[in-house]
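S.K.: This structure is in structure tokens; I'll ask about it shortly.
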Amino acid sequence: MSQGPVLELRGINKSFGAVQVLHDVAFSVYSGEVTALVGDNGAGKSTLVKCIGGIHPIDAGDYFFEGEKVHVSGPRDAADLGVEIVYQDLALCDNLDIVQNMFLGRERKSGLVLDEATMEEMAAKTLDGLSVRTVTSLRQYVASLSGGQRQTVAIAKAVLWNSKVVILDEPTAALGVAQTAQVLELVRRLADNGLAVVLISHNMNDVFAVSDRIAALYLGRMAAQVKTSEVTHSQVVELITAGRSGELGIKNGNGAAS
Amino acid sequence: MTTETLPEQAHKADASIGGYVKNYLDRVRGGELGALPAVFGLIVLCVLFSILRPAFLTPGNFANLFTQGAAVVVIAMGLIFVLLLGEIDLSAGYASGVCAAVLAVSLTNNGWPWYTAVAAAMLTGVVIGLVLGALVAKLGVPSFVVTLAAFLGFQGVLLLLVKGGTNISIRDTTILAIANKNVPPIVSWIVLVVGVVVYAGIQLFRARRRIGRGLLADPLTLIAFRVLSLAVISGVAVYVLNLERSRNAIIVSLKGVPIVVPVIVVLLFVWTFVLRRTAYGRHIYAVGGNAEASRRAGIDVDRIRISAFVICSFMASIGGIIAASRANSVDPNTGGSDVLLFAVGAAVIGGTSLFGGKGRALDAVLGGAVVAVIQNGMGLMGYSAGVKYVVTGSVLLLAAGVDALSRKRAASTGRR
């Protein structure tokens, strides 16, 4: 990738009361790549994602989007930039069908009436663009879908709005083997379509299967941000558990990332 | 992405009538009963009462059913909005009583013209809904508690308004006409024909437009079936209601569709449109299905909650006006005792879920019809009020049981 990152954070600090959760974190996301965000429980992954999504305001640090410094003070700001987050608890309504869920809160209308035909067409186009073939009828209720299909709908919902950055919070955590493969394939395809994808995952196999870069958080600090092809499995595990691995990682707890 | 082949595969592009029937049967088997229990119950009850008491099947009694059930149906229609959110409004009955009392006081005691009095009653309903909704949505008090308090409170307000139990009679002819007068037969036929034609036109227009855009549309046979059944059912109803039902037709002729019927049809149409075709209706379902998801989707959940209570109390006010019209008066019992439970019962029997997220405006009419038939039929059989209450209570319990069971079944078959 010759271009700069589409989204870049520098020197992010975030505290909740007396507890500092993020220390001087730097994080870059590139278009057309899958960036895996890894770290142990409590390392600050979710907090970082919520800062990106505008749910938590950042205490200090800079937020760059497409090279320009921006100020994100709420979820709307992030959505306007083209940053969409797919949360772990998918945020779908079981009693609505796929199209209704994808357009929830942003329904297309002609006059006062909902424009169902246009919404159905757009949803179909988006799912086609993602080469999703597992969903047969767009008018199925979400309740009747499998975990993998729900994840697919949640991701398609995020992609529908010409978003540039899609952040997936543990998309495969609750899925079986076949469905995990399905979702990972979809994640890869998002990046191949030119989107910047951030994948939060605990599963090293998933991370190595689809990611181009790995960013490892350790106790609220960015231990390292490396290319997936340049590290081994065990190095990443060391980064997650100890914050360092050989030349990589935090040097003696000074917080300086390589 | 080929790892998963689904049974739903079979449904794809299966736009034939056979496909629809199969799909429907699958849904019913999966626990989505819809209107089935209500329609089935209605048929069974009607057949039963017709056999036991031939008087049940007379045109006069048929007309009675509408005027008896109208207030409950209207209140139930409003309640459905609150039930869709998974909330409850226990005060809807007495809210209708209070609105009726406002109507009666302004009409009879203050001598206001009927339209001002009706507006005052409706405004009262809206204000009641705003207060209840704000308490539930903004303060976070459970709707059960808020409306239980309101249930007691409104009972008191009603007593105060009618000055401790006097009976305020209504003499305004316009208000009395709602439940006591009929539409001229020729007008009802014209409205019926126009209504069916417009319905068919809308259905065909929508199907054609969807086909034109390459989307799956309802097959023509299904549309024809819908239009035909609407025409037949409403045609028979209008025909029967237009029969002479006066015992002494020479002295006074009594025939035609009671005016409450078109009132209910209009309300049904409006609320069905709101729920199914507008973004607001979509958001009601969404909040009822998953409030957190709705919040994240940018829907103002509080506003949806408050508005649902406003609609509920507003409909209660209309129900109160109908009840006042039917009774020719307002007393401390208007909207009291069984009205609320019948309304909740009507909604649930019709197929609205008490768990939220599932229900239609039509449910109120179907369920209300079941409740009205039970009341009417058992009255004809000469059973005491005690027996009627026991039976209606059992039917409500049965309906709630069916709701809970179908939900369980749906969960186990992965539908809802």
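S.K.: Could you work out how far apart the two model spin labels at B:I186 and A:T118 are, taking each label as a point 7 Å from the Cα in the direction of the beta carbon, and quote it in nm?
M.R.: Inter-label distance under the simple model: 4.6 nm.
S.K.: List, in order, the whole-Hz ³J(HN,Hα) value for each residue of the range A:118-124 obtained from phi through the Karplus relation with A = 6.51, B = -1.76, C = 1.60 and θ = phi - 60°; use x for Gly and Pro.
M.R.: 3J(HN,Hα) across the range A:118-124, in whole Hz: 5, 4, 5, 4, 5, 5, 4.
S.K.: Just need the relative contact order of chain B here, percent rounded to a whole number, with Cα pairs under 8 Å and 6+ apart.
M.R.: With pairs under 8 Å counted, the relative contact order is 35 percent.
S.K.: While we're here: Give the long-range amide H neighbours of A:K109: residues separated by 5 or more places, or on another chain, with amide H under 5 Å away, using H modelled in the peptide plane at 1.01 Å from N.
M.R.: It is A:D115, by chain and number.
S.K.: Okay, next question. Under the rule of at least 5 residues apart or a separate chain, name every residue whose amide H is placed under 5 Å from the amide H of A:Y218.
M.R.: So A:Y218 has HN proximity to A:A223.
S.K.: Turning to a different aspect of this structure: Regarding the range B:183-258, what are the three Cα extents along the principal axes, ordered largest first, in Å?
M.R.: 62, 17, 12
S.K.: Once each part is reduced to its C-alpha centroid, what is the distance from the range B:351-416 to the range A:76-121 in angstrom?
M.R.: Each part's Cα centre sits 34 Å from the other's.
S.K.: In Å, the Kirkwood hydrodynamic radius of the range A:1-96 over pairs of distinct alpha carbons?
M.R.: 14.4
S.K.: Provide the descending list of Cα extents for the range B:75-224 along its principal axes, expressed in whole angstroms.
M.R.: Extents along the principal axes: 63, 47, 20 Å.
S.K.: Here's a follow-up. May I ask for the net charge around A:S46, where only other residues with Cβ less than 13 Å from the Cβ of A:S46 are counted and Lys, Arg are +1 while Asp, Glu are -1? If you can, show how the numbers build up before the last one.
M.R.: Numbers: positive: A:K14, A:K45, A:K50; negative: A:D40, A:D89, A:D169, A:E170.
Taking every Cβ under 13 Å from that of A:S46, the sum is -1.
S.K.: Once you have a ≥ b ≥ c as the square roots of the Cα gyration tensor eigenvalues for the range B:29-84, tell me rounded if a/c is under 1.5, and otherwise prolate or oblate according to whether a/b is larger than b/c.
M.R.: On the way: a/c = 4.51, a/b = 1.36, b/c = 3.33.
Here the range B:29-84 falls in the oblate category.
S.K.: Separate question: What FRET efficiency comes out for the pair B:V232/B:V28, r = Cβ-Cβ distance, R0 = 22 Å, nearest 0.05? Could you put the intermediate results ahead of the total?
M.R.: Values: r = 23 Å, r/R0 = 1.04.
The value I calculate is 0.45.
S.K.: Which whole-number percent gives the relative contact order of the range B:164-262, counting Cα pairs below 8 Å spaced six or more residues apart?
M.R.: RCO, the range B:164-262: 43 percent.
S.K.: What is the Rg over Rh value, at two decimals, for the range B:221-263, using alpha-carbon atoms and the Kirkwood definition of Rh?
M.R.: Numbers: Rg = 14.4 Å, Rh = 12.1 Å.
Here the Rg-to-Rh quotient is 1.19.
S.K.: Taking the Cβ-Cβ separation of B:T58 and B:L123 as r and a Förster radius of 35 Å, what is the calculated FRET efficiency to the nearest 0.05? Intermediate values should be presented prior to the final figure.
M.R.: Numbers: r = 40 Å, r/R0 = 1.14.
E between B:T58 and B:L123, to the nearest 0.05, is 0.30.
S.K.: Kindly flag which residue pairs out of B:K22/B:K408; A:K50/B:K408; A:K50/A:K157; A:K125/A:K227; A:K45/A:K69 have an alpha-carbon separation exceeding 24 Å in this structure.
M.R.: Beyond 24 Å between Cα atoms: A:K50/B:K408; A:K125/A:K227.
S.K.: Cα convex hull of chain A: how many Å³ per residue?
M.R.: 136
S.K.: Follow-up question, since we're still on this one. With θ set to phi - 60°, apply the Karplus curve 6.51 cos²θ - 1.76 cosθ + 1.60 along the range A:133-147 and write out the HN-Hα couplings as whole Hz, x wherever there is a Gly or Pro.
M.R.: 10, 7, 9, 8, 10, 6, 9, 6, 6, 4, 4, 8, 8, 7, x
S.K.: Now, a different point. Could you give the Stokes-Einstein D for the protein assembly as shown in µm² per second, using the C-alpha Kirkwood radius, 4 °C, 1.567 mPa s?
M.R.: 46
S.K.: Quick check: pseudo-label points 7 Å beyond the Cα along Cα→Cβ at A:V177 and A:F16, how many nm apart are they?
M.R.: Using points 7 Å along Cα→Cβ, the separation is 3.7 nm.
S.K.: Let me ask something additional. Label A:D128 and B:L176 with points 7 Å out from Cα along Cα→Cβ: what is the distance between them in nm?
M.R.: Each label point lies 7 Å from its Cα, and together they span 6.6 nm.
S.K.: In the neighborhood of B:V261, defined by Cβ-to-Cβ distances under 15 Å, what is the net charge if each Lys or Arg adds +1 and each Asp or Glu adds -1?
M.R.: +4
S.K.: Given R₀ = 22 Å, FRET efficiency for B:V240-B:V390 by Cβ-Cβ distance, to 0.05?
M.R.: So the FRET efficiency works out to roughly 0.10.
S.K.: If one computes P(r) from the Cα atoms of chain B, what percent of pairs lie at distances over 34 Å?
M.R.: 34
S.K.: Something else now. How large is ³J(HN,Hα) for each residue in the range B:107-122, as worked out from phi by the Karplus curve 6.51 cos²θ - 1.76 cosθ + 1.60 (θ = phi - 60°), to whole Hz, x for Gly and Pro?
M.R.: Karplus values, whole Hz, x for Gly and Pro: 6, 7, 6, 9, x, 6, x, 4, 5, 5, 5, 4, 4, 4, 4, 5.
S.K.: Show me, bin by bin at 5 Å from 0, the whole-percent P(r) of the range A:92-162 based on Cα pairs.
M.R.: Spelled out per bin, shortest first, that is 3, 18, 32, 26, 14, 5, 1, 0.
Throughout, read-outs are computed from the coordinates displayed, never taken from laboratory work. Please read all numbers here as calculations on a predicted model, not as lab measurements. All Cβ positions, glycine included, derive from the backbone under ideal geometry; neighbour counts span all protein chains shown.
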